[in-house]
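Student: Structure incoming, see below.
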C-alpha cells in the first residue's frame, strides 16, 4: 500500500513538473482565445493563411519589454506579409502589477501604434501552458496542417539595450530559416527580461 501511494505521488509530481516546464521545441502548441485591446477575441485560427505565428509574451511595465517594442513592431511589419504575424500576450497579474492592467494595455498599444494584437491572458493559463517565464519571451510556431509546432523559443536578439549593437538576431534568423525550408539554428536561447508576475493564490 505504501509503495502504491509513493508511486501515485511520484506520477502526480512528475505531471506537475512537466506542466510547469511548458512547451519545448518540436511540441504542438494549443490554440488560445484571448481578449485583444480592441475588445475582440483573438485566436491563432483567425489566421488561416498564415505559415505560422510569432507568439511574444510581453507587457507594459517591464523595461526590457519597452526596449523591444519598436523591434517587435518592425518584426511584425517585415514578417506578417511573409506569413508569420506577431501575436503579443500580456501574461502578468494586474493586481500584482497595476501598470499591466487591461485599460493600460489599451493606452500603451495606442501610444506605440502596435500593428499586431495585444492580448490579455487574464487567467494566466496560456502563459503556464507555454512555459513563459520572462517578458519578453518568444515562441515561434510553424503551421503544419492544422497544428502549430514550436520551432524556436527564447530571446528576440542578443542585446536588449542597444538595437545598433545587436550581433545575433535570433528570432529573425529563425524566421529566415523557416522561410527557406530549414530548421532554426539555434532553436533555443535564454529569454532575458522581467519575471512574470503570477497571481497570488
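Where a number appears in this text, it was derived from the coordinates with a stated rule and is not lab data. Quick caveat: nothing in here was measured; it's all calculated off a predicted structure.
Student: Cα axis of helix 102-112 to longest principal axis of the chain: angle in degrees, 0 to 90, nearest 10?
Tutor: 30 degrees
Student: Of the DSSP beta bridges with both residues in the chain, give the percent that are antiparallel, rounding to the nearest 5.
Tutor: 70 percent
Student: Let me ask something else about it. If you build a Gaussian network model of the chain, linking Cα atoms that sit under 10 Å apart, which residue out of 180, 30, 191 swings the most?
Tutor: 180
Student: I've got another one for you. So what is the relative contact order for the stretch 146-201, in percent, with contacts set as C-alpha pairs under 8 Å and at least six apart?
Tutor: Reported as a whole number, the value is 35 percent.
Student: Continuing with this model, one more query. Under 8 Å for C-alpha pairs, at least 6 residues apart: give me the relative contact order for the stretch 24-195, rounded to a whole percent.
Tutor: 27 percent
Student: How far is helix 170-179 tilted off the main Cα axis of the chain, in degrees rounded to 10, range 0 to 90?
Tutor: Roughly 90 degrees between the two axes.
Student: Can you give me the Kirkwood hydrodynamic radius for the stretch 65-105, using every pair of distinct Cα atoms, in Å to one decimal?
Tutor: Result for the stretch 65-105, one decimal place: 11.7 Å.
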